[in-house]
Amino acid sequence: MQVSVVTLFPDRVADVVRYGMPRVAVEQGALRLSLINPRDHTDSPSRRVDDRPFGGGPGMVMEAEPLARAIATARAAGAGPVLALSPQGARFDQAWARRLAALPAVTLVCGRYEGWDARLQDAGVIDAELSVGDVVLSGGELGAMMVIDACARLLPGVLGNAASPVEDSFSAGLLDHPQYTRPVQWRGWAVPEVLLSGDHAAISRWRRQQALAHTWTKRPDLLEGLSLSPQEQEWLRAYIAQQVDEAKR
Ligand code: 9D3
């Protein structure tokens with residue numbers, strides 16, 4: 001997968017491939033990161049890429065031309081869809097990560113200041129916008145890094161992907177079950193007995209029940225889109241009944 005990032009802070013974005021799965025993906029040749037700085041695409045002697053907003057108001061707006069030229073550079077190299085990181089975008093989630101990781105190439109455009117000249121959208125230079133959540137960041141770079149990190153760990157052929165099932169269909173869509181490691185007793189707290197039993201069927205069942213219970217408690221919205229097996233629906237009914245019971249007492 002070829003990822004091109006248009007950013008005023010290329011060094012910052014480059015950091016994402018220095019650690020973890022994105023680093024492994026680059027080393028394996030599954031991921032290639034190109035960084036393009038709009039400052040290298042301005043005619044202005046001061047390399048200025050922003051200007052004051054028409055109509056007034058605080059802050060600065062990124063000019064259309066340096067961004068359009070930077071994006072054209074990426075497009076010429078076979079850039080795939082051009083996605084801009086912006087607070088106004090569609091929410092980037094795991095479904096987006098799966099879709100993007102399946103593409104041969106994608107270009108990510110990072111805004112700074114109050115955003116970019118809206119004519120970039122009108123002119124079709126930007127294909128879509130992505131947001132990484134309802135939070136105000138100071139620019140698109142952290143968003144682009146999130147996209148790269150999420151995609152890198154899904155790329156086929158990346159060492160480690162086969163060994164530790166990244167998106168185990170068994171657990172997909174649910175929160176994780178709790179994990180424990182040594183010691184068996186820690187400050188008076190024991191590891192759940194079942195995990196020490198060696199009974200793998202019982203362990204899987206317990207983990208699945210825990211995942212369901214945690215998801216219902218902390219993120220019930222995640223359960224909406226899932227189709228649970230009759231067995232799982234029964235577990236969840238029992239768990240909910242037990243919670244209601246405890247609440248009454
Ligand atoms: C919504 C706030 N805007 C109204 C005055 C100003 C503004 C805030 C932050 C304009 C740009 C930005 C920079 N943010 C991003 O570039 C960004 C972002 C984000 O702020 N939140 C969630 N996802 C993203 S992706 C890119």
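The values are calculated or read from the model by the stated rules, or taken from the named source; none is laboratory data. All of these numbers come straight from a predicted model, not from anything done at the bench. Glycine gets a Cβ as well: all are built from the backbone with ideal geometry, and neighbour counts include every protein chain shown. For accessibility, only protein heavy atoms count, side chains too; no ligands or nucleic acids. Shrake-Rupley method; radii C 1.70, N 1.55, O 1.52, S 1.80 Å.
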Checked region 172-211 against the a/c 1.5 cut and the a/b vs b/c comparison, axes a ≥ b ≥ c from its Cα gyration tensor; verdict oblate
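Determine the gain in length on full extension of the stretch S44-V191; use 0.36 nm per residue of separation and subtract their C-alpha separation, reporting nm with one decimal.
Roughly 46.5 nm would be gained on extension.
Relative contact order (percent) for region 1-93, with alpha-carbon contacts under 8 angstrom and 6 or more residues of separation?
Computed over region 1-93, the figure is 27 percent.
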Using the Kirkwood formula over every pair of different C-alpha atoms, what hydrodynamic radius in Å results for region 48-139? 14.0 Å
If amide hydrogens are placed 1.01 Å from N in the peptide plane, which non-local residues have theirs closer than 5 Å to the one on V5? S34, L35, I36, L108
Shape of region 189-249 from its Cα gyration tensor (a ≥ b ≥ c, root eigenvalues): rounded if a/c is under 1.5, otherwise prolate when a/b > b/c, or oblate? oblate
Long-range amide H contacts for L175: which residues qualify at under 5 Å (H placed 1.01 Å from N, peptide plane, sequence gap of 5 or more or a different chain)? T215
If r is the Cβ-Cβ distance from E232 to S34 and R0 is 51 Å, what FRET efficiency results, to the nearest 0.05? 0.70
Using a 1.4 Å probe on the protein heavy atoms, what percent of the accessible area of the chain belongs to carbon and sulfur? 54 percent
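Under the definition of Cα pairs under 8 Å and six or more residues apart, what whole-number percent is the relative contact order of the chain?
Normalised by residue count, the contact order of the chain is 20 percent.
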What does the C-alpha gyration tensor say about the overall shape of the chain? Classify as rounded when a/c is under 1.5, otherwise prolate if a/b is larger than b/c, or oblate. prolate
Distance from the Cα centre of region 76-103 to that of region 1-62, in angstrom? 15 Å
Where region 176-249 is the region considered: accessible area per residue in Å², 1.4 Å probe: 78 Å²
Just to be sure I understand: with springs between alpha-carbon atoms less than 10 Å apart, which residue in R205, R48, R12 has the highest mean-square fluctuation in the Gaussian network model of the chain? R205
Looking at V191, P104, C151, which one has the Cα that reaches farthest to the positive end of the dipole of the chain (charges on Cβ: Lys, Arg +1; Asp, Glu -1)? V191
